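A.B. asks: Have a look at the structure that comes next, please.
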Amino acid sequence: MQNLRYVGKNLFLERISIRSFLKKNKTPFYIYSENQIVSNYKNFVKTFKKTNPLVCFAAKSNSNVNILKILSKQGAGADVVSGGELLKALRAGIKAKKIVFSGVGKTEEELKIAIKKKILLINCESESEAKLVNILAKKLKKKVSIGFRLNPNVDAKTHKNISTGKAENKFGLSIKNFKSFLKGIDKFKNVKLEALSVHIGSQILNHKPYEKMLKVIDKIIRKSNYNFDFIDLGGGMGISYDNKNEKLNYKKYNLAIKKFLKNHKSKIIFEPGRSIVGNTGFLISKIIYIKESGTKNFVILDAAMNDLMRPALYGAKHKILPSKLRNKKFNKTYEFVGPICESTDKFTSLKDFQELKEKEFIIMCDVGAYGMSLSSNYNMRPKPIELLIKGSKIKVIKKRQKHEELI
């Protein structure tokens, strides 16, 4: 993250020292860089400029309305997976005709909202869902634009819990069933099939699964001879969490899309989330206790798995930095853990880290995506405050919950 750096021994985010945040804000808290969000979005759009895609930010990755507003001002649309996300996207100023509604289990109530708000597309994931949309559209005297999600049976080679494009996954129609659905589309009088949608997984760092996905789509369109106005390629573009992972080759992915578009005159839709906000967020936490235990010491933080679920859910690793540098190294392992009564409430184990002391502060990096959005009130813990920084200005974009609200 280009806006995070040490000045002398103190860690700065943009123009402000992390330590200065601590004077007014109780830990744990999330803080996001507005400049980095805007920079990431602009770079994404620039990368695919020649294909002129509609970029629909995946609201599930971070649904803070203030962050959605920032992206709305940049011209972004939204990919939503619930009625709540849809309404929040509209509240943030995102135009209805830039919203696509995805997800395998949309309720009748959610579909009615989408139809009444006249969003761009409802991406159906089963024939039963398409039938329900058709029935509701008829009752509401509407003609509704839909997409249909294909399961291309492509392995994105990512964590099994975030793989969505294999035949064994719950998402979309199989190739066989998709072809069958296309043949009977004329019986749905109140829907218009405008898009073919795919999404093969998350945290993808290799362009080859995307190339394979495009070949599958190309083959199906050729055989079906159906003209789609939109091809929704989903998102899933990964980021480097430890600076060691390979980076996604956007240039090769872009070339594959250009090759695909030579034969198909459709508008491309992208649904990026992590690649836009992942590296823009940080979780600041205080060391409550340091407990010695054999060959390692437990660093017990005031942040827990309810604040950042990814390590417990996926075994994800987030880089940890001290708020102030110290030359002295610790010759054993530090295991960073939270106070929740679960053994999975741990963030990472590090060797050769600098020596730490109780009441000091640490920073967990790259938590802008699926950090706060996966948070919970487990153990009756209030959700943390969220801050936004721009240059030397900081504002609260979500207040810390109070125990009274939960009780």
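A.B. asks: Look at the range 354-390 and say how many of its residues are assigned to a loop (DSSP other than H, G, I, E, B), open to solvent by 10 Å² or more (accessible area, probe 1.4 Å) and closer than 19 Å to Asn3 by Cα.
C.D. replies: Selection size over the range 354-390: 1.
A.B. asks: Now, a different point. Here are some conditions: (1) more than 24 Å from Leu71 (Cβ to Cβ); (2) modelled with pLDDT of 95 or more. Ile113 meets all but one. Which one does it not meet?
C.D. replies: Status for Ile113: all satisfied but (1).
A.B. asks: If the requirement is being over 21 Å from the mean Cα position of the chain (by Cα), of a type in the set (Val, Ile, Thr) and surrounded by 14 or more Cβ atoms within 10 Å (Cβ to Cβ), which of these qualifies: Ile70, Ile113, Ile31?
C.D. replies: Ile113
A.B. asks: Pull up the range 323-333, narrow it to residues that are in a strand (DSSP E or B) and farther than 16 Å from Ile300 by Cβ, then point me to the one that is least open to solvent (accessible area, probe 1.4 Å).
C.D. replies: Lys324
A.B. asks: Starting from residues that are assigned to a helix (DSSP H, G or I) and within 24 Å of Ala369 (Cβ to Cβ), keep the ones in the range 1-29 and report whichever is modelled with the lowest pLDDT.
C.D. replies: Ranking the qualifying residues of the range 1-29, first place goes to Phe21.
A.B. asks: Please enumerate the residues belonging to the range 222-245 that are part of a loop (DSSP other than H, G, I, E, B) and of a type in the set (A, V, I, L, M).
C.D. replies: Answer for the range 222-245, where residues must be part of a loop (DSSP other than H, G, I, E, B) and of a type in the set (A, V, I, L, M): Leu233, Ile239.
A.B. asks: Filtering the range 391-407 down to residues that are more than 18 Å from Phe12 (Cβ to Cβ) and aliphatic (A, V, I, L, M), which residue is surrounded by the fewest Cβ atoms within 10 Å (Cβ to Cβ)?
C.D. replies: Only one residue tops the list, namely Ile407.
A.B. asks: Then there is this: Looking only at residues in the range 190-219 that are surrounded by fewer than 17 Cβ atoms within 10 Å (Cβ to Cβ) and farther than 18 Å from Tyr253 by Cβ, which one is modelled with the lowest pLDDT?
C.D. replies: Only one residue fits best here, namely Lys219.
A.B. asks: Could you give me the residue pairs with C-beta distances under 9 Å whose first residue belongs to the range 300-322 and is under 13 Å from Glu342 (Cα atoms) and in contact (Cβ under 8 Å) with a residue 60 or more places away in the chain, whose second residue is part of a helix (DSSP H, G or I) and of a type in the set (A, V, I, L, M) wherever it lies, and which are 6+ apart or on separate chains?
C.D. replies: Taking only residues 6 or more apart or on different chains, the pairs are Met305/Ala312; Met305/Leu313; Met309/Leu374; Leu313/Leu374.
A.B. asks: Here's another thing I want to ask about it. Would you point out which residue out of Phe347, Phe336 is assigned to a strand (DSSP E or B), over 17 Å from Gly294 (Cα atoms) and touching a residue at least 24 places away in the same chain (Cβ under 8 Å)?
C.D. replies: Going through Phe347, Phe336 in turn, just one is assigned to a strand (DSSP E or B), over 17 Å from Gly294 (Cα atoms) and touching a residue at least 24 places away in the same chain (Cβ under 8 Å): Phe347.
A.B. asks: Out of all the residues in the range 259-269, which are outside any loop (DSSP other than H, G, I, E, B), more than 11 Å from Glu211 (Cα to Cα) and among the basic types (Lys, Arg)?
C.D. replies: Across the range 259-269, the qualifying residue is only Lys267.
A.B. asks: Quick one: which of Glu129, Glu168, Glu85 is modelled with pLDDT under 95 and within 23 Å of the chain's Cα centre (by Cα)?
C.D. replies: Just one listed residue meets the conditions, Glu168.
A.B. asks: Please specify each residue of the range 341-353 satisfying the condition of being open to solvent by 10 Å² or more (accessible area, probe 1.4 Å) and among the acidic types (Asp, Glu).
C.D. replies: Of everything in the range 341-353, those that are open to solvent by 10 Å² or more (accessible area, probe 1.4 Å) and among the acidic types (Asp, Glu) turn out to be Glu342, Asp352.
The values are calculated or read from the model by the stated rules, or taken from the named source; none is laboratory data. Since we're looking at a predicted model, the values are computed, not measured. Note that each Cβ is placed from the backbone with ideal geometry, even for glycine, and that neighbours are counted across all protein chains shown. Protein only, heavy atoms only, side chains kept; ligands, DNA and RNA dropped before computing areas. Shrake-Rupley method; radii C 1.70, N 1.55, O 1.52, S 1.80 Å.
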